[in-house]
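As structure tokens, the structure follows; a few thoughts come after it.
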Amino acid sequence: MSVFAPLQHLHPGWFTLVMGWIGLAMAWTRAAALMGPQALWVARVAGAVAFALFTVLAIASAWRGRRFGQAWRDDLAHPVRHAFVAAIPVSMLLLGTWLSWHAAPLVSRGVTAAGMLLTLAEVLWLMGSAGQLLATVWVLQRWWRKGGGLGLVTPVHLIPIVGNVLTPLGGVALGHETWSLLQFGLGLILWPVWSAMMWRRARQGPALPDRLAPALFIQVAPPAVIGIALAALGAAALWSWLAWALSSALLAGLVFTQGRRLLSQPFGLPYWGMSFPMTAWASLSMWLFTTPALPVVWHTAAVATLALASGVILMLSSSTWRGLRQGTLLVAEPAMPPAAAVKT
């Protein structure tokens, strides 16, 4: 077997590793308000890991497309994997956002290379924003063209459909506030619509396969990101607090209802569906809980959410490295149940 053979299984879902690590970098960046410059160093290490992962995955994916073109076409036709295509522009959007957070202060201090970093941040943000919008249109029209059945509704689709709410995180500071607001509004409208459809599938449609159970945690990300975005857009703090309460309730509910199901399964790439939601929740907690006027117990709670998110990322990374060494990852996946099994 060729040494490159495992690359045919490197589908776009692997970019969720980038999302998890850059989400962790963003959470630690927010922690600097409470924990000082040491938190920024942790954020830079996590950010460097995310950029390295993105670079490696981008090169490997390009090679895969050249050598295993049919594998890419299979991804685009798959009932779940096609939605992970959006993880690529979302990763670019998040990388550009985080880089802009670090480059902007350097520009104000007159650091020579900071202008280039800020330009790179804006290029990444613009490409990610445009790619995310295209992914949204493509996934929605594909779902409609396939008949719009409940069997085609999964939490993974929240990445391309609701990922638009990420734009204000970097777009406002980069001077693209109007566009950020429009794209944010699109994601805000689609979020409850798709969530209602997932609820209907849970009640009337085919059960979600066990191996996709970790992807249910993706539902935590939209309200957490919306809470941060509303703060970036200057909305009243009450809305961000409500968003935090909703994301926390969803997280607690999923841990309570899905915990045993998750522990009973072998590790697989879908577990990375937990990564960015956890870091987004920690980022929002850091944003809200580090206000000096709040009692110290809130600061402690913020640190606890960050520690939990960091632990999840490190655990997932360790399991991924072990899976790659043991050959249990980058292998063919079992077939999905047919969408025709949807109840009506």
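Being open to solvent by less than 20 Å² (accessible area, probe 1.4 Å), out of contact with any Ser or Thr (no Cβ under 8 Å at 6 or more places or on another chain) and under 19 Å from residue 274 (Cα atoms): is that true of residue 94 here? Write out each step before concluding.
Working: open to solvent by less than 20 Å² (accessible area, probe 1.4 Å): yes; out of contact with any Ser or Thr (no Cβ under 8 Å at 6 or more places or on another chain): yes; under 19 Å from residue 274 (Cα atoms): yes.
The answer is yes for residue 94.
May I ask you to list the residues in segment 289-308 that are open to solvent by 40 Å² or more (accessible area, probe 1.4 Å) and either assigned to a loop (DSSP other than H, G, I, E, B) or of a type outside the set (Gly, Ala, Ser) (or both)?
Listed by number, the residues that qualify are 291, 292, 293, 294, 295, 296, 297, 298, 300, 303, 308.
Within the set of pairs 6+ apart or on separate chains, which have a first residue in segment 97-123 that is over 26 Å from residue 225 (Cβ atoms), a second that is open to solvent by 60 Å² or more (accessible area, probe 1.4 Å), and C-beta atoms under 7 Å apart?
114/107; 115/107
Just checking, how many residues over segment 35-60 are out of contact with any Phe, Trp or Tyr (no Cβ under 8 Å at 6 or more places or on another chain) and either in a helix (DSSP H, G or I) or among the β-branched types (Val, Ile, Thr) (or both)?
Qualifying residue count, segment 35-60: 14.
Return the only residue of 38, 70 being closer than 30 Å to residue 206 by Cβ and of a type in the set (S, T, N, Q).
It is 70.
Keeping to segment 5-52, report how many residues are buried (at least 20 other Cβ atoms within 10 Å of the Cβ), of a type outside the set (A, V, I, L, M, F, W, C) and without any contact (Cβ under 8 Å) to a residue 60 or more places away in the chain.
1
List, please: which pairs have Cβ atoms under 8 Å, are six or more places apart or on different chains, and start with a residue in segment 226-248 that is within 17 Å of residue 279 (Cβ to Cβ) and among the β-branched types (Val, Ile, Thr) and end with one that is open to solvent by 40 Å² or more (accessible area, probe 1.4 Å) and assigned to a helix (DSSP H, G or I)?
226/188; 226/191; 228/287
Show me the helices (runs of 4 or more DSSP H) found entirely inside segment 135-214 where at least 1 residues are over 28 Å from residue 235 (Cα atoms).
177-204
Output yes when any residue across segment 168-178 is of a type in the set (Gly, Ala, Ser) and without any contact (Cβ under 8 Å) to a residue 40 or more places away in the chain, and no when none is.
Yes, some residue in segment 168-178 is of a type in the set (Gly, Ala, Ser) and without any contact (Cβ under 8 Å) to a residue 40 or more places away in the chain.
The values are calculated or read from the model by the stated rules, or taken from the named source; none is laboratory data. Bear in mind that the values here come from a model prediction, so they are computed numbers and not experimental data. Reconstructed Cβ throughout: ideal geometry from the backbone, glycine too, with neighbour counts over all protein chains shown. For accessibility, only protein heavy atoms count, side chains too; no ligands or nucleic acids. Shrake-Rupley method; radii C 1.70, N 1.55, O 1.52, S 1.80 Å.
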